[in-house]
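To keep things clear, I will list the structure first and then write my remarks on it.
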């Protein structure tokens, strides 16, 4: 058989061409693959997904716009395994985007190590106190330590709860912590402790055409309080409605941790950087926080003591007296609120419109639910209390006269004074709390007071 050398040579050339093409395709694929990997770590790649555009624009306008996204979003590491895992994550994001399985609310958990790396903010904790552009004195060190049951992260305060503000200071987080004990600005002492964060403005300020300087006020009255002028500076509270948990969790067993604040903060804040306002209701803080001017006026505790109705509440619950065991009013046990009996308006017509409305108790409260017969019972209660109170007042006057005139070193005086103080307190308690709120307990207190005053007279007369 004769071999055609020309055909063999052509086949050899074709084989080499095929191998060369395959090698070229492989080489090109490798180049494209690594180029894509490199490109996937650029900010330009991030904005290729429409859901990332707001974050890209915020980054572009921020002070970090010279730092590639991956420098912050991936922890610093020289591990080949870690680097490979990050590449896989990038690729999986692309797959989820094109398969429409992505989360429309992207979440990023930036580790503190990314912020504190060499060349970035590694010396931040050594700076000491600084003053923010808003004039707030701040020190990073105490905030990065354990605060009560919370270990904060960098992104706890530098987050992006408002699209368009990329890793700026989130003052809303500051308010949640620093005003956590407030309830609609109810704690005047804490509100007035403004100088912990703020400095007294030294420049002249112009407001609505009126110029004034804070230092002038301080000169006339060094003890003037910020809250004397700036009343409406805090609105809201940081409560955590249980319903907010349902936005993320649907496993009943998880809700057993609802009251375990240490665990909740460790898991959500320290480990996973969940934005505080996803759980907590917002607290607003600033010179203008209300939609309606003078809205702070609805907060009674700005002018009135918090315990204005403590005596009435205690009487209603059957507690608070000295040396007298009581029981709650039947109305309290039936869960009747104050407005169930307080139905008599003190103002009507234009008066109510101008000065507001107050409701007081009366027979109509009994009659509304129990019928007309209970009007007589209410009258009987008041009559009996007035009589018992008058008797106790007479005995109080006799006992007080002896307490004031007796020798404090005489035998029995110390014991008599102790009995007198308890009896006088119980009498004042009934008068202040209005014994009709709990007729049985009030009667017991008045009996005890009268008996106590009698003992004082006996001890001191001897």
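The values are calculated or read from the model by the stated rules, or taken from the named source; none is laboratory data. Just so we're clear, the structure is a prediction, and the values are computed from it rather than from any experiment. Cβ placement follows ideal geometry from the backbone for every residue including glycine, while neighbour counts extend to all protein chains displayed.
What to note about this one:
- Checking each residue in the stretch 326-377 for being surrounded by 11 or more Cβ atoms within 10 Å (Cβ to Cβ) and over 30 Å from residue 444 (Cβ atoms) picks out 345, 346, 347, 351, 352, 357.
- Hits in the stretch 335-372 (condition: closer than 17 Å to residue 436 by Cα, assigned to a loop (DSSP other than H, G, I, E, B) and over 32 Å from the mean Cα position of the chain (by Cα)): 341, 362
- Qualifying residue in the stretch 168-179 (condition: outside any helix (DSSP H, G or I), closer than 24 Å to residue 274 by Cα and at pLDDT below 80): yes
- Search result, residues across the stretch 310-324 that are in contact (Cβ under 8 Å) with a residue 12 or more places away in the chain and part of a loop (DSSP other than H, G, I, E, B): 318, 320, 321, 322, 323, 324
- Where helices (runs of 4 or more DSSP H) fall wholly inside the stretch 1-87, the ranges with 3 or more residues that are more than 26 Å from residue 102 (Cα to Cα) and at pLDDT 70 or above are 5-39.
- Taken as a whole, the structure places residue 392 among residues that are buried (at least 17 other Cβ atoms within 10 Å of the Cβ) and either part of a helix (DSSP H, G or I) or not assigned by TED's automatic domain parsing to the domain that holds residue 449 (or both).
- Qualifying residue in the stretch 234-248 (condition: over 28 Å from residue 129 (Cα atoms), touching a strand residue (DSSP E or B) at 6+ places or on another chain (Cβ under 7 Å) and surrounded by 11 or more Cβ atoms within 10 Å (Cβ to Cβ)): yes
- Within the stretch 222-252, the residues that satisfy the criterion of being in a helix (DSSP H, G or I) and in contact (Cβ under 8 Å) with a residue 12 or more places away in the chain are 226, 227, 242, 244, 245, 247.
- Flag for residue 106 being closer than 20 Å to residue 269 by Cα and either modelled with pLDDT under 80 or in the same structural domain as residue 268 (by TED's automatic domain parsing) (or both): yes
- Residue in the stretch 205-219 that is under 30 Å from residue 307 (Cα atoms), in a helix (DSSP H, G or I) and at pLDDT 80 or above present: no
- Only a single criterion out of (1) at positive phi; (2) modelled with pLDDT under 80 is not satisfied by residue 305, namely (1).
- With respect to being exposed (fewer than 14 other Cβ atoms within 10 Å of the Cβ) and either in contact (Cβ under 8 Å) with a residue 12 or more places away in the chain or closer than 29 Å to residue 194 by Cα (or both), residue 255 fits the description.
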